[in-house]
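Undergrad: Here it is: the structure, laid out below.
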Ligand code: SF4
């Protein structure tokens, strides 16, 4: 069911995203769908000095309704799947999805089992993949910058 909801052509919506440095920042809503919390800690570090997330053209939204991009970290636990779906549905169009960390991509060290569905890689079209366990704040910032430049990640699997 979550695949059906999230399998929208995010990529074509990216052209409508706001460019950095002009007007409002591109707002990210972070949701941790499981995992060890390491990716979330790196993201919180990125939102603090000496990094300049705001200066790079991004902000962290408090609610999905105020977000342009859903930033997912951690494996998709069965418990969090409906929460992720609800967050996605609450976001206005155009919108996209970012997977931060190996767990969000393919389940990472948690894999797929009675408690988790693995990662989002085989379930949805991902606009930005940020591999690593965890990716560093610098990695994340570089990835976000490439997103605003419109760089295409050639290794995307089919949706
Ligand atoms: S990718 Fe690594 S750091 Fe991030 S949630 Fe998974 S185990 Fe933790």
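Undergrad: Restricting attention to the stretch 127-145, does a residue exist that is more than 25 Å from residue 51 (Cβ to Cβ), modelled with pLDDT under 95, more than 12 Å from the chain's Cα centre (by Cα) and away from the ligand (no atom under 13 Å from the Cβ)?
TA: Here is the first cut: in the stretch 127-145, the ones more than 25 Å from residue 51 (Cβ to Cβ) are none.
Looking through the stretch 127-145, none of the residues is more than 25 Å from residue 51 (Cβ to Cβ), modelled with pLDDT under 95, more than 12 Å from the chain's Cα centre (by Cα) and away from the ligand (no atom under 13 Å from the Cβ).
Undergrad: For the stretch 75-84, how many residues meet the condition of being within 15 Å of the ligand (Cβ to nearest atom) and over 20 Å from residue 95 (Cβ atoms)? Lay out the reasoning, then the answer.
TA: Start the filter on the stretch 75-84 by keeping residues that are within 15 Å of the ligand (Cβ to nearest atom), which leaves 75-77, 80, 84.
Narrowing further to those that are over 20 Å from residue 95 (Cβ atoms): 75, 77.
Summing the residues that are within 15 Å of the ligand (Cβ to nearest atom) and over 20 Å from residue 95 (Cβ atoms) in the stretch 75-84 gives 2.
Undergrad: Could you check the stretch 33-51 and list, in sequence order, the residues that are within 18 Å of residue 128 (Cβ to Cβ) and out of contact with any helix residue (DSSP H, G or I) (no Cβ under 6 Å at 6 or more places or on another chain)?
TA: Selection gives 39, 40, 43, 47.
Yes/no matrix, rows are residues, columns are (1) within 13 Å of the ligand (Cβ to nearest atom); (2) touching a helix residue (DSSP H, G or I) at 6+ places or on another chain (Cβ under 6 Å); (3) under 21 Å from residue 142 (Cα atoms); (4) assigned to a strand (DSSP E or B):
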{"residue": "28", "(1), (2), (3), (4)": "no, no, yes, yes"}
{"residue": "31", "(1), (2), (3), (4)": "yes, yes, yes, yes"}
{"residue": "53", "(1), (2), (3), (4)": "no, yes, yes, no"}
{"residue": "71", "(1), (2), (3), (4)": "yes, no, yes, yes"}
{"residue": "86", "(1), (2), (3), (4)": "no, no, no, no"}
{"residue": "94", "(1), (2), (3), (4)": "no, yes, no, no"}
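Undergrad: If you don't mind, there's one more thing I want to ask. Taking the criterion of being touching a helix residue (DSSP H, G or I) at 6+ places or on another chain (Cβ under 8 Å), farther than 27 Å from residue 48 by Cα and more than 13 Å from the ligand (Cβ to nearest atom), would at least one residue in the stretch 102-116 satisfy it?
TA: No.
The values are calculated or read from the model by the stated rules, or taken from the named source; none is laboratory data. In this text the structure is predicted, and so the values were computed from the model without any measurement. Quick reminder, even Gly has a Cβ in these numbers, built from the backbone with ideal geometry, and neighbours come from all protein chains shown.
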